[in-house]
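*Asks:* Below you will find the structure I want to go over with you.
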Amino acid sequence: MMRTKTLLVTLLSISVLACKQDNENELGPPLGSTTPFGLQAPYYFPVLEVPADNPLTNEGIELGRRLYYDTLLSTNGPFNGRSCSGCHHQSNSFSVPTTGRAVLPHVNLAWSRNFLWTGKVSGTLEDIMRFEVEEFFQVDVSVLQSRSDYVRRFEQVYGEETITQELVAKALAQWFRRMSSANSKFDRYLMHTDVLSDAELRGMMIFQTETGDCFHCHGLPLMSDNSFHNIGLDAIFTGEHQGRYLVTGDPSDLGAFKAPTLRNIALTAPYMHDGRFTTLEEVVDHYNSGVNPSPTLDPLMTKPGQITELLLSPAQKADLVAFLHTLTDEEFVSDTALASPFR
């Protein structure tokens with residue numbers, strides 16, 4: 001009798017344990033079970049600042065990734081049926097070929113402090129994500145709340161049963177910090193693991209000296225100074241072409257736009273805020289001989305004597321374009337960890 005009772009207790013214990021394991025498999029990792037994520041960047045990158053209340057974790061990044069690729073983010077908003085990825089394709093360094101307006105790439109924004117072409121939003125990634133969630137997509141959190149998978153993921157990452165726009169913004173900020181690009185041919189050259197061709201080296205010297213003047217606004221390592229410049233696209237400014245002025249109301253900001261990163265620039269055509277140039281050759285031609293003088297033209301655009309031409313030879317222009325191609329990070333645009341989780 002005693003042996004039978006012991007056997008029954010043992011079988012019951014095994015059954016309970018099995019049910020518990022099945023339930024855990026269904027529900028996923030337990031609440032609060034997150035793994036810290038250490039973002040790797042070359043030694044010459046600035047120190048990454050991460051808010052104490054939104055530390056990088058594998059689970060937080062994965063949650064942000066799903067939100068980035070999920071059309072549910074825009075349900076009942078002005079872009080119903082669109083996801084972030086709808087306008088930001090990985091193969092184009094998370095930008096997209098378009099006409100009428102160039103799409104700024106989602107790359108290395110973790111080190112930015114000014115966002116959008118005009119700097120309409122400044123601060124941290126959490127700040128720009130709040131804008132995206134509250135104003136741009138107008139995220140309906142009730143839609144996410146109705147999905148048990150999202151409820152579980154938000155509970156796991158943030159310990160909250162109720163999904164809020166603030167938490168959605170935080171999760172997206174984690175994902176954007178993960179979207180770092182630092183393995184171009186030029187990076188490998190700087191790390192002494194690759195070599196540049198003669199043409200690329202000549203182009204680098206043009207880029208990094210007064211010959212091309214590129215480095216002032218597009219310096220290492222982010223290839224953007226995160227500031228605003230009137231680069232002489234127009235002489236008269238109306239509508240959206242007024243640029244930074246639309247945010248500050250300062251007449252000295254007329255025609256100024258954020259200097260975009262040149263990382264992966266060969267993949268992010270068209271160029272300039274209005275997408276007016278379709279090739280890198282056209283961009284170089286503009287700087288070489290197409291700058292339009294105006295009262296707010298950035299002084300960096302002129303040589304002594306108010307000359308606005310670089311006077312590069314055809315060979316020098318070709319070398320400069322060759323160097324710009326070394327800024328392409330093939331790993332960034334093919335990394336499956338950055339691709340859609342829904343494939």
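Read-outs throughout are calculated quantities, based only on the coordinates presented, and are distinct from any laboratory measurement. Bear in mind that the values here come from a model prediction, so they are computed numbers and not experimental data. Here the Cβ positions follow ideal geometry from the backbone for every residue, glycine too, while neighbour counts run over all protein chains shown.
*Asks:* Under 5 Å between amide H atoms, partner at least 5 residues away or on a different chain: which partners does ALA256 have, H built in plane at 1.01 Å?
*Replies:* Residues meeting the criterion, in which the H sits 1.01 Å from N, are ARG244, TYR245.
*Asks:* Using the Kirkwood radius built from alpha carbon pairs, what does the Stokes-Einstein equation give as D for segment 185-327 at 20 °C and 1.002 mPa s, in µm² per second?
*Replies:* After rounding, the answer is 136 µm²/s.
*Asks:* While we're looking at this one, here's another question. Convert each backbone phi in segment 145-155 into a coupling constant with the Karplus relation 6.51 cos²θ - 1.76 cosθ + 1.60 (shift: θ = phi - 60°), then list the ³J(HN,Hα) values in order as whole Hz, x for Gly and Pro.
*Replies:* Each residue's phi maps through the Karplus curve to give 4, 7, 9, 4, 5, 5, 4, 4, 5, 5, 4 Hz.
*Asks:* Subtracting the Cα-Cα distance from 0.36 nm times the residue separation, let me have the gained length for ARG152 to SER340 in nm, one decimal.
*Replies:* The ARG152-SER340 span can extend by a further 65.7 nm.
*Asks:* Skipping prolines and chain starts, which residues have an amide H placed within reach, meaning under 5 Å, of the one on SER95, given they are 5 or more residues away or on another chain?
*Replies:* HIS89, HIS106
*Asks:* Sticking with this one: So what's the net charge close to ARG130: Lys and Arg +1, Asp and Glu -1, counting the other residues with Cβ under 13 Å from its Cβ?
*Replies:* Net of charged neighbours comes to -4.
*Asks:* Helix-derived [θ] at 222 nm for the chain: sum -39500 (n - 2.57) over DSSP H runs of at least 4, divide by residue count, nearest 500?
*Replies:* About -10500 deg cm²/dmol.
*Asks:* 7 Å from Cα along Cα→Cβ at both SER33 and THR308: what's the point-to-point distance in nm?
*Replies:* Using points 7 Å along Cα→Cβ, the separation is 6.3 nm.
*Asks:* Next up: For ARG113 and ASP194, what does the FRET efficiency come to when R0 = 35 Å and r is the distance between their Cβ atoms, rounded to the nearest 0.05?
*Replies:* 0.70
*Asks:* Follow-up. Within segment 257-298, which residues have the backbone N less than 15 Å from the label spot 7 Å out from SER91 along Cα→beta-carbon, could you tell me?
*Replies:* Those under the cut-off are 267-269.
*Asks:* When the Kirkwood radius is taken over all Cα pairs of the chain, what Stokes-Einstein diffusion coefficient follows at 25 °C and 0.890 mPa s, in µm²/s?
*Replies:* 109
*Asks:* Quick check on my link table: of LYS258/LYS303; LYS185/LYS303; LYS120/LYS170, which ones sit more than 24 Å apart, alpha carbon to alpha carbon?
*Replies:* Going by Cα-Cα distance, LYS185/LYS303 fall outside the 24 Å limit.
*Asks:* Here's another thing I want to ask about it. For segment 30-180, what is Rg from Cα atoms divided by 2.2 N^0.38 Å, rounded to two decimals?
*Replies:* 1.02
*Asks:* Count the net charge of all other residues whose Cβ sits under 13 Å from the Cβ of PHE176, scoring Lys and Arg as +1 and Asp and Glu as -1.
*Replies:* Around PHE176, the surrounding residues sum to +2.
*Asks:* If you average 1/r across every pair of different Cα atoms in segment 245-328 and take the reciprocal, what Kirkwood value do you get, in Å?
*Replies:* 14.3
*Asks:* A further question on this structure: GLU331 to GLU135: FRET efficiency via 1/(1 + (r/R0)^6), r the Cβ-Cβ distance, R0 35 Å, to the nearest 0.05?
*Replies:* That gives a FRET efficiency of 0.60.
*Asks:* Also: Defining a contact as two alpha carbons under 8 Å apart and six or more residues distant in sequence, what relative contact order in percent does the chain show?
*Replies:* Across the chain, relative contact order equals 20 percent.
*Asks:* Same structure, new question: First select every other residue whose beta carbon is under 14 angstrom from the beta carbon of ARG82; then total the charges, Lys and Arg +1, Asp and Glu -1.
*Replies:* -3
*Asks:* For segment 220-235, in order, what is each residue's ³J(HN,Hα) by Karplus, 6.51 cos²θ - 1.76 cosθ + 1.60 with θ = phi - 60°, in whole Hz (x at glycine and Pro)?
*Replies:* Each residue of segment 220-235 in turn: 5, x, 7, 6, 7, 8, 6, 10, 10, 9, 8, 9, x, 5, 9, 9 Hz.
*Asks:* Return the sequence-ordered ³J(HN,Hα) values of segment 238-253 in whole Hz as given by the Karplus equation 6.51 cos²θ - 1.76 cosθ + 1.60 applied to θ = phi - 60°, using x for Gly and Pro.
*Replies:* With the stated coefficients, segment 238-253 comes to 9, x, 5, 6, 6, x, 4, 4, 5, 9, 8, x, 8, x, 6, 9 Hz.
*Asks:* If you don't mind, there's one more thing I want to ask. Name the long-range amide H neighbours of PHE277: under 5 Å, sequence gap of 5 or more, or other chain; modelled H, no Pro or chain starts.
*Replies:* Sorted by chain and number, the residues that satisfy this are TYR271.
*Asks:* What ranking, highest mean first, results for peptides 305-313, 291-299 when packing means the other Cβ atoms within 10 Å averaged over each residue?
*Replies:* Sorting 305-313, 291-299 by mean packing, highest first, produces 291-299, 305-313.
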